[in-house]
Amino acid sequence: MTTAPTSPRRFSGVRHLASRLRRRREAAKLPSRIAAEIILLILVLLAAFVWPFIKCHLQAVAVLDLVANQPVPTLLRKIVAEPITTRDLTIATSQGPIRARLYTPDHHPNAPALVVLHGVHHLGMDEPRLIAFASAMSACGLRVLTPELPGIKDYHVGANSIATIGDAATWLSHQSNNKPVGVMGLSFSGGLALLAAADPQYRPSIKFIVAIGSQDEMSRVAQYYRTGQDLRPNGTEELLPPHEYGALVLEYENLEDFIYTPQDLAPIRAVLRAHLYEDAPTEKIAIAALTPQQLAEAKQLMDTTSTATRDMLAHAESKHIADMAGVSPHGHLRNLTTPVYLLHGEGDNIIPSAETQWMQAELPSETLQTSLISPVISHLDMNGAGPTALDRYRLVHFFALVIRAAESK
């Protein structure tokens with residue numbers, strides 16, 4: 001049987017049909033490939049946008065763990081692992097030369113800068129928690145300056161420290177190609193930092209202020225030390241037994257208002273100083289050197305809950321109304337244009353959290369970036385009672401915002 005030969009025209013038709021089918025398949029693949037590429041691009045852009053936000057939060061977790069002397073999770077260690085160099089230096093200020101320490105990330109010598117101010121503590125810039133915090137922030141990629149405030153270090157909250165803070169910020173700004181720098185103040189230094197930012201002389205050098213556990217009105221804080229009550233802006237009162245530390249600082253600062261015999265001032269001041277320094281051996285020696293009359297006076301001052309001592313505190317306050325107003329942000333915040341971040345411990349019994357509520361009420365909405373009263377912390381320690389996971393996240397978020405502000409150009 002003979003098979004008829006296939007027509008060339010028939011072969012051509014088959015090839016044409018196959019070509020058409022192939023083109024259709026390729027045409028169908030093209031939109032799918034374009035869609036996949038668009039989705040990939042969106043994911044890349046989204047990751048690029050979200051990653052800085054996530055990174056700041058991870059850094060905040062690591063920094064808070066380091067400050068609390070807790071182990072940093074392994075996955076987060078690289079985020080705060082940049083090697084840093086510290087350099088002690090002397091800065092000339094309008095109040096005289098001061099000590100300072102500059103923390104610089106080795107791989108980012110021109111990184112954005114932050115001034116961190118110590119609270120009322122005799123170790124000043126050498127206070128271990130301050131060193132841990134400054135080191136951790138620098139390891140995140142920031143230059144950190146910790147100037148020593150001589151008055152604050154010696155338990156004197158005076159207006160002269162405002163100029164020292166402003167001069168330190170100006171110095172660091174000049175070291176940063178005249179770019180403004182962030183300033184973070186702890187305890188009473190935070191209130192003084194706000195006053196520095198309100199001064200036209202220092203305002204151009206300050207990018208933002210972070211006030212942690214700070215005073216709004218010093219006279220109201222002094223009254224709290226006597227009464228255990230601090231008025232809130234809404235008319236209610238915060239009721240919290242005050243720590244003896246606050247009243248003792250006021251006594252030490254103005255001891256001549258409590259001790260009327262000049263020769264008794266030095267020996268009793270030595271006892272108060274050693275007690276504030278938490279130096280028990282030195283305190284014991286200082287007490288042993290007192291006369292019976294001096295010992296009685298010292299014991300009276302140390303009993304900050306007695307009616308007699310509180311009466312003396314009230315009398316001393318009445319003599320220093322102007323001085324206390326000079327270290328109070330109250331009345332100076334309404335026209336402040338520098339961005340402000342406020343943080344306070346809910347259980348703070350040295351400077352009650354109502355003080356931050358007063359600052360929050362006075363600051364313009366466009367100036368106040370965020371305000372948090374947190375149960376995670378007390379005054380400056382992370383030892384709050386019973387915080388929840390949400391409370392901890394809010395504290396992390398607060399510091400993430402601060403880190404983000406510090407890193408911004």
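The values are calculated or read from the model by the stated rules, or taken from the named source; none is laboratory data. Bear in mind that the values here come from a model prediction, so they are computed numbers and not experimental data. Cβ placement follows ideal geometry from the backbone for every residue including glycine, while neighbour counts extend to all protein chains displayed. Each accessible area value is taken on the protein alone, full model and side chains, heavy atoms only, with ligands, DNA and RNA left out. Shrake-Rupley method; radii C 1.70, N 1.55, O 1.52, S 1.80 Å.
Data overview
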| read-out | value |
| --- | --- |
| The stretch 143-161, subset open to solvent by less than 20 Å² (accessible area, probe 1.4 Å) and of a type in the set (A, V, I, L, M), residue nearest to LEU250 (Cα to Cα) | VAL157 |
| Filter result for THR93 (in contact (Cβ under 8 Å) with a residue 60 or more places away in the chain, polar (S, T, N, Q), under 23 Å from PRO180 (Cβ atoms) and crowded, with 17+ Cβ neighbours inside 10 Å) | yes |
| Residue match in the stretch 130-148 (condition: in contact with a helix residue (DSSP H, G or I) (Cβ under 6 Å, 6 or more places away or on another chain), hydroxyl-bearing (Ser, Thr, Tyr) and under 20 Å from ASP381 (Cα atoms)) | yes |
| Tally of residues being assigned to a loop (DSSP other than H, G, I, E, B) and either touching a helix residue (DSSP H, G or I) at 6+ places or on another chain (Cβ under 7 Å) or under 19 Å from GLU238 (Cα atoms) (or both) across the stretch 345-379 | 13 |
| Residue among GLY191, GLY166 that is buried (at least 24 other Cβ atoms within 10 Å of the Cβ), touching a strand residue (DSSP E or B) at 6+ places or on another chain (Cβ under 7 Å) and either of a type in the set (A, V, I, L, M) or at negative phi (or both) | GLY191 |
| Flag if ARG99 is in a helix (DSSP H, G or I), open to solvent by 60 Å² or more (accessible area, probe 1.4 Å) and farther than 19 Å from HIS332 by Cβ | no |
| Hits in the stretch 259-296 - residues which are under 20 Å from MET312 (Cα atoms) and of a type in the set (A, V, I, L, M, F, W, C) | ILE259, LEU265, ALA266, ILE268, ALA270, VAL271, LEU272, LEU276, LEU295, ALA296 |
| Residues within the stretch 315-329 that are assigned to a loop (DSSP other than H, G, I, E, B) and in contact with a Gly (Cβ under 9 Å, 6 or more places away or on another chain), tallied | 4 |
| Residues within the stretch 353-389 that are closer than 23 Å to TYR224 by Cβ and open to solvent by 80 Å² or more (accessible area, probe 1.4 Å), tallied | 3 |
| Filter result (over 17 Å from the mean Cα position of the chain (by Cα) and either aliphatic (A, V, I, L, M) or at pLDDT below 95 (or both)) within the stretch 351-364 | ALA354, ALA361, LEU363 |
| Residue selected from the stretch 162-205 under the condition of a type in the set (D, E, K, R) and in contact with a helix residue (DSSP H, G or I) (Cβ under 8 Å, 6 or more places away or on another chain), by the criterion nearest to TYR252 (Cα to Cα) | ASP199 |
| Close pairs (9 angstrom Cβ cut-off, 6 or more residues apart or separate chains): at negative phi in the stretch 276-305, polar (S, T, N, Q) and in a loop (DSSP other than H, G, I, E, B) anywhere | GLN293/THR261; GLN294/THR261; GLU297/THR261; GLN300/SER306 |
| Pick from the stretch 328-347, criterion over 23 Å from PRO180 (Cα atoms) and over 15 Å from the mean Cα position of the chain (by Cα), ranking: least open to solvent (accessible area, probe 1.4 Å) | SER328 |
| Total residues in the stretch 390-409, condition without any contact (Cβ under 8 Å) to a residue 40 or more places away in the chain and open to solvent by 80 Å² or more (accessible area, probe 1.4 Å) | 4 |
| Test: residue in the stretch 63-73 that is surrounded by 14 or more Cβ atoms within 10 Å (Cβ to Cβ), closer than 27 Å to ASP154 by Cβ and in contact (Cβ under 8 Å) with a residue 24 or more places away in the chain | yes |
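One line per residue, one yes/no per condition, for (1) open to solvent by 10 Å² or more (accessible area, probe 1.4 Å); (2) touching a Pro at 6+ places or on another chain (Cβ under 9 Å):
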position	(1), (2)
ALA196	no, no
SER219	yes, no
ASP230	no, yes
GLY246	no, no
GLU256	yes, yes
